[in-house]
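Student: Could you have a look at this structure, given as structure tokens, before my questions?
The values are calculated or read from the model by the stated rules, or taken from the named source; none is laboratory data. The shown structure was predicted, so the numbers you read here are calculated from the model rather than taken from an experiment. Every residue, glycine as well, gets a Cβ built from its backbone with ideal geometry; the counts of neighbours run over all protein chains shown. Surface accessibility is based on the protein's heavy atoms, side chains included, excluding ligands, DNA and RNA. Shrake-Rupley method; radii C 1.70, N 1.55, O 1.52, S 1.80 Å.
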Amino acid sequence: MRIGVIGLGNIGKHLASNLLRAGFDVSVHDLDRTAAEPLIALGALWADSPAAVAATTDSVITCLPSVTAITTVVAGDRGLIEGFGPGSTWIDMSTNERHELLRLAELLAARGVHTLEAPVTGGAHNASSATITVLVGGDEATFARHRSVDRKSTRLNSSHVALSRMPSSA
């Protein structure tokens, strides 16, 4: 599975690093390209825009600091919505508002893109050691397809999972 990570701050940089160490093909993007340099040294590919990340991966994880940043990355100029193909998945681990997440998920679902809401708890130190807790909401089949990503990058176990409804891309 090819994974994209957008937002290489406190959580995103550790998540991308753990994915690379687990053997995934990882593409990265951040407003600050220098944040990606250590990941590129580990084998990550740089993408010039969120759309480029989406176009070259199966799933994209966002780890962003605000609703404005999320909306811009997903639906803005050169955003994920322009690069995703049918069957792709957006996994949002950002600080987001539920209503905006659902609105963006509906936009993506209309294009055949799945969404998983995956807020994290446990802090950057746990993200670094791949022991962060991820609470996942979304379609159970989409979640099942991404279990290997969670297990290899976060040591997620089923006691940390709470599935909730998301807009369907079917």
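Student: Is it true that Ala141 is among the hydrophobic types (A, V, I, L, M, F, W, C), modelled with pLDDT of 70 or more and not in a strand (DSSP E or B)? Let's see the steps before the verdict.
Tutor: Numbers: among the hydrophobic types (A, V, I, L, M, F, W, C): yes; modelled with pLDDT of 70 or more: yes; not in a strand (DSSP E or B): yes.
Answer is yes for this residue.
Student: Go through (1) more than 19 Å from Phe143 (Cβ to Cβ); (2) in contact (Cβ under 8 Å) with a residue 24 or more places away in the chain one by one and return the number of the condition Thr34 breaks.
Tutor: (2)
Student: To continue, here is another question. Please go through the range 61-70 and give me each residue that is crowded, with 18+ Cβ neighbours inside 10 Å and out of contact with any Leu (no Cβ under 6 Å at 6 or more places or on another chain), ordered by number.
Tutor: Pass one, the range 61-70, residues crowded, with 18+ Cβ neighbours inside 10 Å: 61-64, 69-70.
Listed by number, the residues that qualify are Ile61, Thr62, Cys63, Leu64, Ala69.
Student: Look at Arg21 and say whether it is modelled with pLDDT under 95, open to solvent by 40 Å² or more (accessible area, probe 1.4 Å) and among the basic types (Lys, Arg). Step through it out loud before you land on a result.
Tutor: Details: modelled with pLDDT under 95: yes; open to solvent by 40 Å² or more (accessible area, probe 1.4 Å): yes; among the basic types (Lys, Arg): yes.
Answer is yes for this residue.
Student: For the range 1-21, how many residues are touching a helix residue (DSSP H, G or I) at 6+ places or on another chain (Cβ under 7 Å) and part of a loop (DSSP other than H, G, I, E, B)?
Tutor: So the count comes out to 4.
Student: Kindly check whether there is at least one residue in the range 51-60 that is in contact (Cβ under 8 Å) with a residue 24 or more places away in the chain, more than 19 Å from Arg2 (Cβ to Cβ) and surrounded by fewer than 20 Cβ atoms within 10 Å (Cβ to Cβ).
Tutor: Looking only at the range 51-60, we keep the residues that are in contact (Cβ under 8 Å) with a residue 24 or more places away in the chain, and these are 51-60.
Still in the list and also more than 19 Å from Arg2 (Cβ to Cβ): none.
Scanning the range 51-60, I find no residue that is in contact (Cβ under 8 Å) with a residue 24 or more places away in the chain, more than 19 Å from Arg2 (Cβ to Cβ) and surrounded by fewer than 20 Cβ atoms within 10 Å (Cβ to Cβ), so the answer is no.
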